[in-house]
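Read through the structure below, which is laid out as structure tokens, and then see the notes.
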Amino acid sequence: MSKFVLDKLQERFGAAILETHSDFGDDTAVVAPKAWKAVCQFLRKDHALDFDLPVDLCGVDYPNRVDAGRMEVVMHLYSISKRHRIRLKARVGDAEMEGAEIDSVTSIWPGMDWLEREVFDMSGVRFRGHPDLRRILMYPEFEGHPLQRTYPADRTQPLIEYRTEEEAGVPLGKLEPFGPDEGMSFGRHGPPRVENGRSEND
Amino acid sequence: MGDLGQATSLTLEGSEQGYATTRVDDLLGWARKYSLFAYPFVTACCGMEFMALTSPRFDLARFGAEAPRFSPRQSDLLWVVGTISQRQGPVLKRIYEQMMEPKWVLAFGTCASSGGFYDNYTTIAGTDKIIPTDVYIPGCPPRPEAVLDGLMLLQDKIASGGRRAGVVKPRFDPAQNASGLVQLRKSAKDPRDLLPAIEKIEQGERKARGLGHGGQT
């Protein structure tokens, strides 16, 4: 669709564009974290590109990727005037999320402000130069970043103490008909078993 | 005078005595259960069903529970409608603490009752983790009939002064009976081929419910 955007990026930034692919009409460029802001500036300012709409920003955790940066910052951009899209990725942080930092692009797109706060809150990526980098969804007392794969799935951090059964005088476990595994039955126990090409439900 | 005396004796027909006895608790319970002033704490999609419930079609006024009070200090019944996140926990608890005794809490829907499928870092797994809860209504969202069941459970609880929490039982759980489940198979070339089978199952169901109107038993 917009392969020429990738060509322009590679022509301009060369080795800072680590890899590209354009499958099924989606064009993606993996950018070196150091070139992140310069690439964004170029995409915004170049008249042929003119990416004026920051669509989304999110973090994707790959805990097993030890060599190339564990946390992937993914940005989707769209140009309303030129009607083309691109997806940018940058890989930051090691296995312990050390050095998970990247330049803020709020000076280029003011709308990225809250999106960067969300990525910081959920994934723990710190944005250099962000005007107000604090949590946006979770509360300030919250420890850790819940969308990191290393965050335990069953860890909650209540703001007020839960009642105990002695205090309440009644059982507080899940009553019938709510099962102990109410919700997330597949998430906690793995996907349904498939034998000989047939699942249990067949 | 004679007429008046006759009329008075007519109202006491069948009784030797001119008075009735009860306990103060029972009288108070009877009065309270028909004058529930509600505080709706609506946080999520169950709120849509709550609106349906409070519409004239289901006529909550039959139970004396139709008047909402948007101050916790004036209400007796806290409707917790929807998912309670960890961030809302302190707010909900504070609202509960501001209510005057006697007070009751009704958990509307699976999320308010047990957290539902939000079994994660941000959701409180049921209002009973932070405040005492009197009635749980499962359903995602519960049908208004189920909520009325829950309200009647609460009325019974108020009248009897019981402490146990009430849980509304599902009316019909198709998963209990495998023959009640219709499975779509790829072998069926035309989906309409399944219609006779579905009709047969529905007939059996209606028979099992004693041919009641709409199965409202």
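The values are calculated or read from the model by the stated rules, or taken from the named source; none is laboratory data. If you're wondering where the values come from, they're calculated on a predicted model, not measured in any experiment. Using ideal geometry, Cβ is built from the backbone for each residue, glycine included, and neighbour counts are taken over all protein chains shown.
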I'd like the full set of residues that are in a strand (DSSP E or B) and more than 24 Å from residue B:65 (Cα to Cα), limited to region B:75-88. B:85
Confirm whether residue A:108 is of a type in the set (Val, Ile, Thr), touching a residue at least 40 places away in the same chain (Cβ under 8 Å) and assigned to a strand (DSSP E or B). no
Hey, can you tell me all the residues within region A:38-95 that are more than 18 Å from the chain's Cα centre (by Cα), among the polar types (S, T, N, Q) and outside any helix (DSSP H, G or I)? A:79, A:81
Restricting to region A:146-169, what's the tally of residues that are farther than 20 Å from residue B:89 by Cα and either surrounded by 14 or more Cβ atoms within 10 Å (Cβ to Cβ) or modelled with pLDDT of 85 or more (or both)? 6
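This table checks each residue for (1) facing chain B (nearest Cβ under 8 Å); (2) surrounded by 10 or more Cβ atoms within 10 Å (Cβ to Cβ); (3) modelled with pLDDT of 85 or more.
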site	(1), (2), (3)
A:140	no, no, yes
A:143	no, no, yes
A:171	no, yes, no
A:174	yes, yes, no
A:190	no, no, no
A:195	no, no, no
In region B:89-122, how many residues are assigned to a loop (DSSP other than H, G, I, E, B) and in contact with a Cys (Cβ under 9 Å, 6 or more places away or on another chain)? 4
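Listed here are the residues, each with its yes/no results for (1) assigned by TED's automatic domain parsing to the domain that holds residue B:92; (2) assigned to a helix (DSSP H, G or I); (3) farther than 27 Å from residue B:93 by Cβ.
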{"site": "B:29", "(1), (2), (3)": "yes, yes, no"}
{"site": "B:32", "(1), (2), (3)": "yes, yes, no"}
{"site": "B:35", "(1), (2), (3)": "yes, no, no"}
{"site": "B:41", "(1), (2), (3)": "yes, no, no"}
{"site": "B:55", "(1), (2), (3)": "yes, no, yes"}
{"site": "B:61", "(1), (2), (3)": "yes, yes, yes"}
{"site": "B:65", "(1), (2), (3)": "yes, no, no"}
Given the condition modelled with pLDDT of 90 or more and of a type in the set (Ser, Thr, Tyr), answer yes or no: does some residue in region B:94-114 qualify? yes
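Suppose we filter B:137, B:124, B:130, B:158 for residues that are more than 13 Å from chain A (Cβ to nearest Cβ) and buried (at least 21 other Cβ atoms within 10 Å of the Cβ); which single one remains? Quick ask: steps written out before the conclusion?
On the way: B:137 fails: more than 13 Å from chain A (Cβ to nearest Cβ); B:124 fails: more than 13 Å from chain A (Cβ to nearest Cβ); B:130 fails: more than 13 Å from chain A (Cβ to nearest Cβ).
Sole residue among the options that is more than 13 Å from chain A (Cβ to nearest Cβ) and buried (at least 21 other Cβ atoms within 10 Å of the Cβ): B:158.
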Six or more apart or on different chains, Cβ under 7 Å: which pairs go from a residue in region B:93-109 that's over 12 Å from residue B:36 (Cβ atoms) to one that's surrounded by fewer than 17 Cβ atoms within 10 Å (Cβ to Cβ) and of a type in the set (Val, Ile, Thr)? Could you list them? B:93/A:160
